[in-house]
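Undergrad: The structure follows.
The values are calculated or read from the model by the stated rules, or taken from the named source; none is laboratory data. What you are looking at is a predicted structure, and each value in this text was computed from that prediction instead of being measured. Here the Cβ positions follow ideal geometry from the backbone for every residue, glycine too, while neighbour counts run over all protein chains shown. What goes into the accessible areas is simple: the full protein's heavy atoms, side chains included, and nothing from ligands, DNA or RNA. Shrake-Rupley method; radii C 1.70, N 1.55, O 1.52, S 1.80 Å.
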Amino acid sequence: MQNSFDNPMPDEKGYFGDYGGSFIPPELQAIMDDIDAAYREIRQDPQFIKQLTELYQHYVGRPSPVFHAKNLSAKYGADIYLKREDLNHTGAHKINHCLGEALLAKKMGKAKIIAETGAGQHGVALATAAALVGLECDIYMGEVDIAKEHPNVVRMHILGAKVIPATHGRKTLKEAVDAAFEAYLQDPISQLYAIGSVVGPHPFPMMVRDFQSIIGNEARQQMQAQTGGLPDHVVACVGGGSNAMGIFTAFLNDSQVALHGVEPSGRCLEEEGEHAASITKGQPGVMHGFKSYMLQDAGGEPQEVYSVASGLDYPSVGPQHAYLKDAGRVNYHPISDKEAIDAFFELSRTEGIIPAIESAHAIAQAIKLAGQVDGKILVNLSGRGDKDIDFVVDNYGADYGINR
Ligand SMILES: *Cc1c(COP(=O)(O)O)cnc(C)c1O
């Protein structure tokens, strides 16, 4: 079972139809071209593929199981299956592409891998991969987030990464992106900027998708082996869109399989700053080096976005999702904070699985679908909820009978 390194999209310049491409300063373009060339070479290199496959197996713990959630299925009237990315080493799907990016950096002779992080999930996964592969690792993080996400900051330190605070502006994710970008511009030769989802300039949307495609390739075979056929519906949450592209890619050519992306409608879908539904509410535009659907304010700047799931609050979405939306191949649905928190407790209490709040958005959509359709629903459970338990209990516990 392997990644899909052979895919008709994007084109040579990194376009998925109208979307994607590369909108960056010329000095960075040369570097992206280098990364693209190096990636095209290694993805055909049997040695690289063997190395990555072995790490997936013996380090990450792949293949992750597909679990038939029988209690949830009986309660809601459709067969719900969970692809258990929450069982991966480090607890989510992000390790799949971080290992790929770290191996690529190593092959390219880089000394250091850098990235920004918001809640710290990408930072921890990348610091893990860097420790394993033998690279230095700098993680840029807003000062406000550093205070808020203490356990992940500690993890990164233990793993040997440097956490560099972004101290300007609102001191959160956007400022961390600025700081990481600035550091990258100063030395793009000895460092590789490891983007954390299927976003950014070409080749990252393609590369991160390819590394994540193992999820769908495994799940497709597991569903066939366990149920005798393909699922009727596949559901995944969409922040930047990497876990969703990871599971969708294997099913894109199966027209009988309906695909569902789930965006966070936060507190209110109708109010700017209260959601992060980039496809449902966004318009085509350019930011962070690529063209896609995005939420922009009147001045063309990225809108403030919000979701209870910090992994989903990004004002844009990977360009292949924009393409699949226009092509009508994937349906995108909004799920609110409230619906996600309900699903968080529902999965915990019916199946004994505490999901990440991000993944709980996909569970909520699967429960809705189960009331509307028959057949088999496969949900990508992108991560586990350990990181979220204190927040959930402090903010919502009383509604679910938990007193602290
Ligand atoms: C980061 C994260 C996401 C969102 O990222 P995508 O690129 O949209 O997949 C979803 N689930 C979990 C558990 C995450 O950590």
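Undergrad: Translational diffusion coefficient, Stokes-Einstein: compute it for the stretch 218-371 using the Kirkwood radius over C-alpha pairs as Rh, at 4 °C and 1.567 mPa s, and state it as an integer in µm² s⁻¹. List each step's numbers first, then the result.
TA: Values: Rh = 15.9 Å.
The calculation lands on 82 µm²/s.
Undergrad: Another one. Rounded to the nearest whole Å², what accessible area per residue is found for the chain with the 1.4 Å probe? Show your work: numbers first, answer last.
TA: Values: 15770 Å² over 404 residues.
Accessible area per residue: 39 Å².
Undergrad: Of Lys83/Lys338; Lys75/Lys325; Lys50/Lys83; Lys112/Lys281, which pairs sit farther than 27 Å apart, going by alpha carbon to alpha carbon? Numbers along the way, then the final one.
TA: Details: Lys83/Lys338 23 Å; Lys75/Lys325 31 Å; Lys50/Lys83 23 Å; Lys112/Lys281 37 Å.
Over 27 Å Cα-Cα: Lys75/Lys325; Lys112/Lys281.
Undergrad: Just check the stretch 177-274 against the gyration tensor rule for me: Cα atoms, a ≥ b ≥ c as the square roots of the eigenvalues, rounded for a/c under 1.5, and otherwise prolate or oblate depending on whether a/b exceeds b/c. Could you put the intermediate results ahead of the total?
TA: Numbers: a/c = 3.61, a/b = 1.51, b/c = 2.39.
Here the stretch 177-274 falls in the oblate category.
Undergrad: Turning to a different aspect of this structure: Given H placed on each backbone N at 1.01 Å, which residues far from His333 in sequence or on other chains put an amide H within less than 5 Å of it?
TA: Sorted by chain and number, the residues that satisfy this are Gly261, Val262, Glu263.
Undergrad: Please identify the trypsin sites (Lys or Arg not before Pro) of the stretch 153-218 that satisfy two criteria: DSSP loop assignment and at most 13 other Cβ atoms within 10 Å. Which are they? Can you show the working numbers first?
TA: Details: sites: Arg155, Lys162, Arg170, Lys171, Lys174, Arg209; in loops: Arg170, Lys171.
Those satisfying the criteria are Arg170.
Undergrad: A further question on this structure: Helix-only mean residue ellipticity at 222 nm, the chain, DSSP H runs n ≥ 4 weighted -39,500 (n - 2.57), per residue, nearest 500. What is it? Intermediate values should be presented prior to the final figure.
TA: Values: 16 runs with 170 residues, N = 404.
Calculated at 222 nm, the ellipticity per residue is -12500 deg cm²/dmol.
Undergrad: List every residue whose amide H lies under 5 Å from the amide H of Val198, counting only residues 5 or more places away in sequence or on a different chain, with H placed 1.01 Å from N in the peptide plane.
TA: Residues meeting the criterion, in which the H sits 1.01 Å from N, are Gly241, Ser242.
Undergrad: Tell me, what ³J(HN,Hα) does each residue in the stretch 6-19 have, in order and in whole Hz, if you take phi through Karplus 6.51 cos²θ - 1.76 cosθ + 1.60 with θ = phi - 60° and put x for Gly and Pro?
TA: Going residue by residue, I get 9, 8, x, 10, x, 6, 3, 8, x, 9, 9, x, 7, 10 Hz, with x marking Gly and Pro.
Undergrad: If amide hydrogens are placed 1.01 Å from N in the peptide plane, which non-local residues have theirs closer than 5 Å to the one on Met287?
TA: Sorted by chain and number, the residues that satisfy this are Ser292.
Undergrad: Let me ask another. Hey, how much of the P(r) for the stretch 1-144 falls beyond 26 Å, as a percent of Cα pairs? Write out the running numbers ahead of the final one.
TA: On the way: 4050 of 10296 pairs.
Tail fraction, whole percent: 39.
Undergrad: With the cut-off at 1.5 for a/c, could you classify the stretch 295-404 from its C-alpha gyration tensor as rounded, prolate or oblate? Don't jump to the answer; show the numbers that get you there.
TA: Details: a/c = 2.40, a/b = 1.28, b/c = 1.87.
Because a/c hits 1.5 or more and a/b fails to exceed b/c, the stretch 295-404 counts as oblate.
Undergrad: Okay, moving on. Taking θ = phi - 60°, what integer Hz values does the Karplus form 6.51 cos²θ - 1.76 cosθ + 1.60 yield along the stretch 93-104, in sequence order, with x for Gly and Pro?
TA: In residue order, the calculated couplings are 6, 4, 4, 4, 8, 5, 5, x, 5, 5, 5, 4 Hz.
Undergrad: Mind telling me which of Thr53, Thr280, Thr167 comes out most flexible in a GNM of the chain, alpha-carbon contacts under 10 Å?
TA: In this elastic network of the chain, the residue with the biggest mean-square fluctuation among Thr53, Thr280, Thr167 is Thr167.
Undergrad: Pick from Ala236, Ala78, Ala37 the residue whose mean-square fluctuation is largest in a GNM of the chain, springs joining Cα atoms under 10 Å.
TA: Ala37
Undergrad: Provide, as a two-decimal number, the C-alpha radius of gyration of the chain over 2.2 N^0.38 Å, N being how many residues it has.
TA: Details: Rg = 19.6 Å, N = 404, 2.2 N^0.38 = 21.5 Å.
Normalised Rg, Cα atoms only: 0.91.
Undergrad: What percent of all Cα-Cα pairs in the stretch 76-153 falls in each 10 Å bin, counting up from 0?
TA: 19, 41, 26, 10, 4, 0
Undergrad: Per residue of the stretch 350-356, in order, report the coupling 6.51 cos²θ - 1.76 cosθ + 1.60 (Karplus, θ = phi - 60°) as ³J(HN,Hα) in whole Hz, putting x for Gly and Pro.
TA: 8, 10, x, 10, 8, x, 4
Undergrad: Run the accessible area of the chain with a 1.4 Å probe and give the carbon-and-sulfur part as a rounded percent. Write down the numbers at each step before the final one.
TA: Values: 7720 of 15770 Å².
With neighbouring chains kept in place, the figure for the chain is 49 percent.
Undergrad: Classify the stretch 144-215: rounded, prolate or oblate, from the alpha-carbon gyration tensor (a ≥ b ≥ c, eigenvalue square roots; a/c under 1.5 rounded; otherwise prolate if a/b is larger than b/c)? All intermediate terms of the calculation are to be shown ahead of the outcome.
TA: Numbers: a/c = 1.75, a/b = 1.36, b/c = 1.28.
Taking the square roots of the gyration eigenvalues as a ≥ b ≥ c, the stretch 144-215 is prolate.
Undergrad: Running a GNM on the chain with Cα contacts under 10 Å, which residue among Ile195, Ile335, Ile24 ends up with the highest mean-square fluctuation?
TA: The residue with the greatest mean-square fluctuation here is Ile24.
Undergrad: In addition: So if each residue of separation counts as 0.36 nm, and I subtract the Cα-Cα distance between Gln372 and Gln283, what length gain in nm does that give?
TA: Contour length minus Cα-Cα distance gives 29.1 nm.
Undergrad: Additional query: Any idea what the relative contact order of the chain is, in percent, if you count C-alpha pairs under 8 Å spaced at least 6 apart?
TA: Numbers: 856 pairs, mean separation 77.7, N = 404.
Taking the mean separation of contacting Cα pairs over the length of the chain, I get 19 percent.
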